[in-house]
Amino acid sequence: MIYLCMQQMESSHFAEPIRAAEFSVNGINWEPIHPAINVLGSRYALAIRNLRKADLDLPLAKTKVALGNSMGLSGDRYIAGRVDKACLETMVEIGATSVADPRVHIGLVAEIVEPYAVYVRNELPKQKVPG
């Protein structure tokens, strides 16, 4: 199971908070987004279920980067760089940690489900028929 773990943070997101109306797995075939789902100011979204509040501390030293150019780098070293998102894998069962272990407080958790990530967009304007 893959989990999305989110911590509360200040954000200076520059995009207009316009609700996406359609999603696509391949960027070609588009489907409407269910009215209960809000994706604001983005071109991409994760597919999740069971979004819920959480109250846990994630010890970054017990994680490693799961894929990409930094694969295998410890989570605490990766996050110490100029990143605020990471795909991390836990290296051991997370239990008690020492006080020195850097941790992030997780306030929301969800399960990431197929198709994992999608493109999103506002509806395209309807074509005017000449006549």
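The values are calculated or read from the model by the stated rules, or taken from the named source; none is laboratory data. Since the model is a prediction, treat every value here as computed from it, not as a measurement. Glycine also receives a Cβ, built like all others from the backbone with ideal geometry; neighbour counts cover every protein chain displayed. With ligands, DNA and RNA removed, areas are computed over all heavy atoms of the protein, side chains included. Shrake-Rupley method; radii C 1.70, N 1.55, O 1.52, S 1.80 Å.
Worth a mention:
- Förster radius 22 Å - calculated FRET efficiency between Ser42 and Asn69, Cβ distance, rounded to 0.05: 0.40
- Gyration tensor over alpha-carbon atoms, the chain, equivalent ellipsoid semi-axes in Å: 35, 15, 14
- Counting only protein heavy atoms and a probe of 1.4 Å, the accessible surface of region 1-59 is 56% carbon and sulfur.
- Within a Gaussian network of the chain (alpha carbon springs, distance under 10 Å), most fluctuating of Val120, Val109, Val25: Val25
- Remark: C-alpha extents of region 1-51 on the principal axes read 34, 32, 21 Å, sorted largest to smallest.
- Helix-only CD estimate at 222 nm, as mean residue ellipticity for the chain, using -39500 (n - 2.57) per DSSP H run (n ≥ 4): -500 deg cm²/dmol
- Heavy-atom accessible area per residue - the chain, 1.4 Å, Å²: 78 Å²
- Full extension of the segment from Leu56 to Asn122, taken as 0.36 nm per residue of separation minus the current Cα-Cα distance, would add 20.2 nm.
- The label-point distance for Met9 and Cys87, in a model that sets each label 7 Å from Cα toward Cβ, rounds to 1.8 nm.
- Dipole magnitude (debye, nearest 20) for region 1-102, charges at Cβ of Lys, Arg, Asp, Glu: 120 debye
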